[in-house]
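What follows is a short report on a single structure.
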Amino acid sequence: MTEHRSGFVSFVGRPNVGKSTLTNALVGEKIAITSAKPQTTRRAIRGIVHRPNGQIILVDTPGLHRPRTLLGQRLNDLVDSTLGDVDVIGFCIPANEKIGPGDAFINESLSNFRRAKLVAIVTKSELVSKSQLADQLFAVNELRNWDAIVPVSALGDEQLDVLSDVLIGLLPESPALYPQDAVTDETVESRICELIREAALEGVHDELPHSLAVTLDEMSLREGKNLMDIHANVWVERDSQKAIIIGKGAARIREVGSTARKEIEALLGLRVYLDIRVKVAPDWQRDPKQLGRLGF
């Protein structure tokens, strides 16, 4: 009988190096929201990859960074507590950017997690030539003694099977930890909140991503109809941010609702009526009580 391996793998890296895109590509379903904005991921989302010889439980942490707010500190604490428990850490470094101070900071931090095997994953390989990729692989190899180095393209679906095999090979022998049909342990409610937040993040100014949070007031199936009523709140820190999210003549919030509704309908498999209110919670990122209320 073939040996079966299962365990926990976490991808780390600077914000916006493709960790969430890679998670979704490996799972084969949208689990983690993606955005061109840094600090999009805020929870340690578990995506589950099923292969005949193993099961990879992906813990998609927020990007490690030097924190400037209480929320930033809590996100870093979340990364630390998650990484202390995983079997393998995949350090994601994009192929198209030189290794910089942020990467050096994370590479140094990895020495604190002695339990985990360390794999360097060179992401976005589709954006560079073969010689540029070779140069980046050489630079990454110089950082430390890795258990493996794998270049991938999550968008181009290249080398994902190779990466899966490498990760499974580094996991402990174990039966599957989740049922075959499981793709995440996130609740439907939290996935809906994340999809609304992703839609709200599109095309907004740099200061907004950190200031956006989403909560659900109510979610219920309309009687006698195949229709889900969802009432949600988008929280910001200032009135000026509220105006940006709503947009001129409420055009922007309608667009956010329309984009999020399509994603939520795909997730639930039924029609959705989505009502979004934009509310202000002043300086919530720095206020422990408000952070708690908003799920942090």
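Since every read-out is calculated from the coordinates, none of them should be taken as a lab result. In this text, all values refer to a predicted model and were calculated from it rather than measured experimentally. Here the Cβ is made from the backbone with ideal geometry for all residues, glycine too, and neighbour counts use every protein chain on show.
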Length gained, ASP217-ALA104, 0.36 nm per residue minus C-alpha separation, equals 36.5 nm
Please list 3J(HN,Hα) in residue order for region 92-98, calculated via the Karplus relation 6.51 cos²θ - 1.76 cosθ + 1.60 where θ = phi - 60°; whole Hz, with x for glycine and proline.
8, 10, x, 5, 9, 10, 5
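Can you say what percent of the DSSP beta bridges in region 168-296, counting only those with both residues inside, are antiparallel? Round to 5. Kindly include the intermediate steps, with their values, before the conclusion.
On the way: 8 of 18 bridges.
In region 168-296, DSSP labels about 45 percent of beta bridges as antiparallel.
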Counting only residues 5 or more places away or on other chains, whose amide H sits under 5 Å from the amide H of GLN55 once H atoms are built in the peptide plane?
ARG5, SER6, GLY7
Amide H of GLY156: which non-local residues (sequence gap of 5 or more, or other chain) have their own amide H closer than 5 Å, using H built in the peptide plane?
none
Any idea what the dipole of the chain comes to, in debye rounded to 20, about its Cα centre with Lys/Arg Cβ at +1 and Asp/Glu Cβ at -1?
800 debye
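Can you tell me what share of the DSSP beta bridges in the chain is antiparallel? A percent to the nearest 5 is fine.
Values: 18 of 50 bridges.
Among the beta bridges of the chain, antiparallel pairing accounts for roughly 35 percent.
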Can you list residues whose amide H is under 5 Å from THR184's amide H, if they're 5+ apart or on another chain and H is modeled 1.01 Å from N?
ILE48
Compute the separation of the alpha-carbon centres of region 87-131 and region 221-296 and state it in Å as a whole number.
34 Å
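Using the beta-carbon distance between ASP229 and GLN73 and R0 = 25 Å, what value does 1/(1 + (r/R0)^6) give for FRET efficiency, to the nearest 0.05? Before the final figure, lay out each step's value.
Numbers: r = 37 Å, r/R0 = 1.47.
Efficiency, rounded to the nearest 0.05: 0.10.
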Where does the charge balance sit around LEU160 when Lys and Arg score +1, Asp and Glu -1, over other residues with C-beta under 13 Å from its C-beta?
-4
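Only helices at least 15 Å long along their own axis, judged from Cα atoms, and with Kyte-Doolittle mean hydropathy of -1.0 or greater: name those in the chain from DSSP H. Walk me through the numbers on the way to the answer.
Numbers: long enough: 70-83 (20 Å, 0.20); 130-141 (16 Å, -0.04); 160-170 (16 Å, 1.81); 188-201 (20 Å, 0.47); 251-268 (25 Å, -0.20).
What comes out of the filter, once short or polar helices are dropped, is 70-83, 130-141, 160-170, 188-201, 251-268.
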